[in-house]
Amino acid sequence: MIRIFAGILIFVFFVLPGDGFSQVSVHINQVGFNSSDGKIAVISANPPIPRTGMPFVVVNSITHEIEFKGQLSSSAQMNEWFPGKYFYLADFSSLKKEGQYILQVDAFNSIHTSPVFFVGEEALAKATLPAILNYYHKQRANTPQELEADKHVILYGSNKTANVQGGWCDASGDISKYFSHLCYTNFMSPQQIPLVTWSMENAVESIPALLTSLKIKDSLEREALYGADYVLRSLSPEGYFYTTVFSYFKPDPNERRIVGLLANSVTTSDYQSAFREGGGMGIAALARAARWKKHGDSTSQQYLAGAKKAFAHLQVNNLKYCDDGKENILDDYCALMAATELWITTNEDIYKKEARKRAKNISNRLTPQGYFVADDGMRPFWHASDAGMPVVALSRYLAKETDASLRNGALQTIQKALDYNLHVTNEVSNPFGYARQTFAVQNKIKDGFFIPHENESGWWWQGENARLASLATAALVGGKLVYGKTKNAKNDSLQTYAARQLSWILGCNPYDMCFINGFGKNNVPHMASMFGHGSEWGGISNGVTGGENPDGSGILFKEKAEGNEWRWTEQWLPHAAWFLQAITAMGSDE
């Protein structure tokens, strides 16, 4: 234990008196902070710290010099999560000096010390991007058994086969390969392998100098093209993408099937991807790869031809592939991404027209309060992994759109949506700054921290680290468009909002769990899977959930749960993809 008196460090190796009945914890991002970003730790105490304005210090852990002095905020409570606990903020955002630090608070006659963290220019990118690249490389479905079996995977309910070699295993406990899943829910489908591919392409184009300085630009480019190759192989001769290559959790790779997937691993022949079921993002990934004039196993011309073929097919057949026969906001933002990338690549009017239509659709779904409606009725749009996608899709569209009136409409939508995100997050006591949301449960619209567990899936809920990173991405990308790149109050608020979502993932949460493997003080237990796959360095686990209540209220995290611990501990492709996008949006090249 390190104790500070008058700026002099004294090492104390015993428990000081007066601390026997107090519980104080320092919750902090255990990896690092970019110099220019917000830096906030959360102190929890039970009973409350008796002194108002309790001082804290940030100490260089190498030189032992105090580099920052501050005072804790006044106390706040979160009775929904932890009745009886008190929370305090330690804001040291003005500390910009590069270094390795610890934060210390003197309370109840004891010094309470945080894990070590770093501050520096591009600190998060430098620490995490090589690890995320490693994670995806290790998740490749490229063992000899997988490669051989995937040459001729049977299409469920037929004797037809397809070559679907490549791609990434979906999760540390699941070697299946998904464009999306939960398609039968109509509103919950996440973007999976195509999102990963597009996220890598986006990073390569957006922060090339930073990637080059880390000596990973060429490797990330190759990984993106590897993803594009899988997306193209998943394109059927008819023009739709195969949604899922499902392993049935069996060790024999020849048991894999191309399937549609219902609850409880029930499989069907509904394996055609709608725009919202990975089809739109698959098109976007191929169209973006085509502009590179480079190739993996396929050429840039083949990537573009595949994107155009799939887009034309879905323009005619999308409603047929939607499980309820209706389009919703997921189709709009996925089709907008597809049309925008094709418009950027080809400059053809057909894609301009469709992009403009889809952007208008999204804007028309915004409520006066600032949240989106998912359907043609009153269901609020909420999403466990892609909540930031409407703003990200509109922002990407604005990279091409030049019409002043259309730009203004999209910008107004982005601004209102981001302002809503700030408002709904900050309107209640929320010391961790956890992104809140609006949803409907039991026919009532309400706001909450976590997604409702009573939802269209009938069973699926898990940690929402992808959702947090997607909202961080939206705040950063959209904020630059509507509030400019100069320092101002709104940009500061959005930057802090974004930084706090990433800090939660990196350890500043009530469980002090750093959810990116291989970093910080605490990681979730390793999860093993078949063919040598499993948890990997740089992979991001699901994270914290609401309590087991219909509306997702309360809070819960379990490392063991009789086989259900995957809800919290399993690594999943979209978490790292959205984290990569958020880090990219923080990058210095833009």
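The values are calculated or read from the model by the stated rules, or taken from the named source; none is laboratory data. Quantities reported herein were computed from a predicted structural model and do not represent experimental measurements. Using ideal geometry, Cβ is built from the backbone for each residue, glycine included, and neighbour counts are taken over all protein chains shown.
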| task | Count, please, the residues in region 531-554 that happen to be surrounded by fewer than 19 Cβ atoms within 10 Å (Cβ to Cβ), in contact (Cβ under 8 Å) with a residue 12 or more places away in the chain, assigned to a loop (DSSP other than H, G, I, E, B) and not hydrophobic (A, V, I, L, M, F, W, C). | result | 5
| note | Only one of (1) part of a helix (DSSP H, G or I); (2) surrounded by 24 or more Cβ atoms within 10 Å (Cβ to Cβ) does not apply to residue 204, and that is (2)
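Filter region 239-267 down to residues that are part of a loop (DSSP other than H, G, I, E, B) and β-branched (Val, Ile, Thr) and give me whichever is surrounded by the fewest Cβ atoms within 10 Å (Cβ to Cβ).
Our first condition is that a residue be part of a loop (DSSP other than H, G, I, E, B); within region 239-267, this holds for 239-240, 243, 247-252, 256, 262, 266.
Still in the running and β-branched (Val, Ile, Thr): 243, 266.
Details: 243: 29, 266: 10.
Once the filter is applied, the top-ranked residue is 266.
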| Unique residue being outside any helix (DSSP H, G or I), under 19 Å from the mean Cα position of the chain (by Cα), under 29 Å from residue 205 (Cα atoms) and hydrophobic (A, V, I, L, M, F, W, C) when the list is 579, 519 | 519
| task | List the number of the failed condition for residue 51; all other conditions in (1) under 22 Å from the mean Cα position of the chain (by Cα); (2) charged (D, E, K, R); (3) at pLDDT below 95 hold. | result | (1)
| So which pairs qualify, if the first residue must be in region 265-276 and closer than 17 Å to residue 162 by Cα, the second must be of a type in the set (Gly, Ala, Ser) and part of a helix (DSSP H, G or I), the Cβ gap must be under 6 Å, and the two must be at least 6 apart or on different chains? | 273/279
| Members of region 277-317 that are in contact (Cβ under 8 Å) with a residue 60 or more places away in the chain and out of contact with any helix residue (DSSP H, G or I) (no Cβ under 8 Å at 6 or more places or on another chain) | 309, 312, 313, 317
| query | Would a scan of region 371-379 turn up a residue that is within 27 Å of residue 545 (Cα to Cα), surrounded by fewer than 16 Cβ atoms within 10 Å (Cβ to Cβ) and either without any contact (Cβ under 8 Å) to a residue 24 or more places away in the chain or not assigned by TED's automatic domain parsing to the domain that holds residue 285 (or both)? | reply | no
| note | With criteria (1) assigned to a loop (DSSP other than H, G, I, E, B); (2) out of contact with any Lys or Arg (no Cβ under 7 Å at 6 or more places or on another chain); (3) within 30 Å of residue 436 (Cβ to Cβ), residue 270 comes up short on (3)
| field | Test result for residue 337, within 20 Å of residue 291 (Cβ to Cβ) and either among the aliphatic types (A, V, I, L, M) or outside any helix (DSSP H, G or I) (or both) | value | yes
